[in-house]
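Reading through the structure tokens given below for one structure.
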Amino acid sequence: MTRPASSVLVIVPAWNEEQNVGTTVREILATGRDYDVAVVDDGSMDATAAVAREAGAIVLSLPFNLGVGGAMRTGFTYAKRMGYERAIQVDADGQHNPADIDRVLAGLETADISIGARFSDVGDYQVRGPRKWAMKLLAAIVSRVAKTRLTDVTSGFRAAGPRAIEQYVRYYPAEYLGDTLDSLVAACHSGLTVTQVAVAMRPRAFGRPSQGAWGSTVYLLRSAFALSLAIMRRPTGRERGPV
């Protein structure tokens, strides 16, 4: 195995994001930092893979759509096999600002997992109605599990150190909210530590977000159910990360 030139792998899960992924990859590379970028093409039916490769990314193509959880587990598996010390998720749709990557990675100096939090008095990201109530409830419960105050436990803008990469290769669920809630709770159950840093989210550049009006309405019940399962579930020996 050839050790990568960079110690940081930026993992970009992408499904039918040909309009956004090229700009996202170029913005990451334009930061001037020594990052390697791996776009996980999650069974896209468009030119996502070709656009990402042309922009300068490593492309990991899945034969069919697995969802964010499956795409991220693929990215973390690649990170482990190639010997990266840190990995960070940046969404392909442009909402995660590459200028904040260093800020989120800095959280790994004191914890195994660092979350780029949208609700920490930075930026103007807002949610309303049932989705807002759900996010507050989820944050309060997961904060107790993590034994630290967290305000945004569903953010996908998060970084993983060596112990977290190992944990995510062993267990990174693909079901609804599993890539955020379940993976975080399982990591805490396995003894990993979590912190958050304040970031500002940007609006999606092109396309429609996965959650529409109806999705926001049912978000509260579905997220509460997903979190309940995550908390009740304890990782097996095979899934448990290093302690």
Please pick out the residue among Thr24, Thr31 that is assigned to a loop (DSSP other than H, G, I, E, B), under 13 Å from His96 (Cβ atoms) and not acidic (Asp, Glu). Thr31
Being open to solvent by 40 Å² or more (accessible area, probe 1.4 Å), in a helix (DSSP H, G or I), farther than 24 Å from Leu192 by Cβ and at pLDDT 95 or above is true for just one of Ala50, Ala106. Which residue is that? Ala50
Confirm whether Asp100 is within 25 Å of Asp182 (Cα to Cα), open to solvent by less than 50 Å² (accessible area, probe 1.4 Å) and part of a helix (DSSP H, G or I). yes
Could we say that Asn16 is surrounded by fewer than 21 Cβ atoms within 10 Å (Cβ to Cβ), under 18 Å from Gly156 (Cβ atoms), out of contact with any Asp or Glu (no Cβ under 7 Å at 6 or more places or on another chain) and not acidic (Asp, Glu) here? no
Looking at Phe76, is it assigned to a loop (DSSP other than H, G, I, E, B) and hydrophobic (A, V, I, L, M, F, W, C)? no
Of the numbered conditions (1) under 14 Å from the mean Cα position of the chain (by Cα); (2) of a type outside the set (Ser, Thr, Tyr); (3) open to solvent by 10 Å² or more (accessible area, probe 1.4 Å); (4) modelled with pLDDT of 90 or more, Gly191 satisfies every one except a single condition; which is it? (1)
If a residue must be crowded, with 21+ Cβ neighbours inside 10 Å, at pLDDT 95 or above and of a type in the set (A, V, I, L, M), how many such residues does segment 61-97 contain? 7
Expected single match for at pLDDT below 95 and open to solvent by less than 10 Å² (accessible area, probe 1.4 Å) among Ala139, Ala160, Ala146, Ala174 is Ala139
So Gly22 passes all but one of these: (1) open to solvent by 10 Å² or more (accessible area, probe 1.4 Å); (2) farther than 27 Å from Leu177 by Cβ. Which condition number does it fail? (1)
Report, by residue number, each residue of segment 194-204 that is surrounded by 19 or more Cβ atoms within 10 Å (Cβ to Cβ) and assigned to a loop (DSSP other than H, G, I, E, B). Val199, Met201
Could you run through segment 150-193 and say how many residues are in a loop (DSSP other than H, G, I, E, B), without any contact (Cβ under 8 Å) to a residue 60 or more places away in the chain and either touching a His at 6+ places or on another chain (Cβ under 6 Å) or closer than 20 Å to Lys136 by Cβ (or both)? 7
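The values are calculated or read from the model by the stated rules, or taken from the named source; none is laboratory data. Please read these numbers as outputs of a predicted model, since none were measured by experiment. Every residue, glycine as well, gets a Cβ built from its backbone with ideal geometry; the counts of neighbours run over all protein chains shown. Quick note on the areas: whole protein, heavy atoms, side chains included, nothing else; ligands and nucleic acids left out. Shrake-Rupley method; radii C 1.70, N 1.55, O 1.52, S 1.80 Å.
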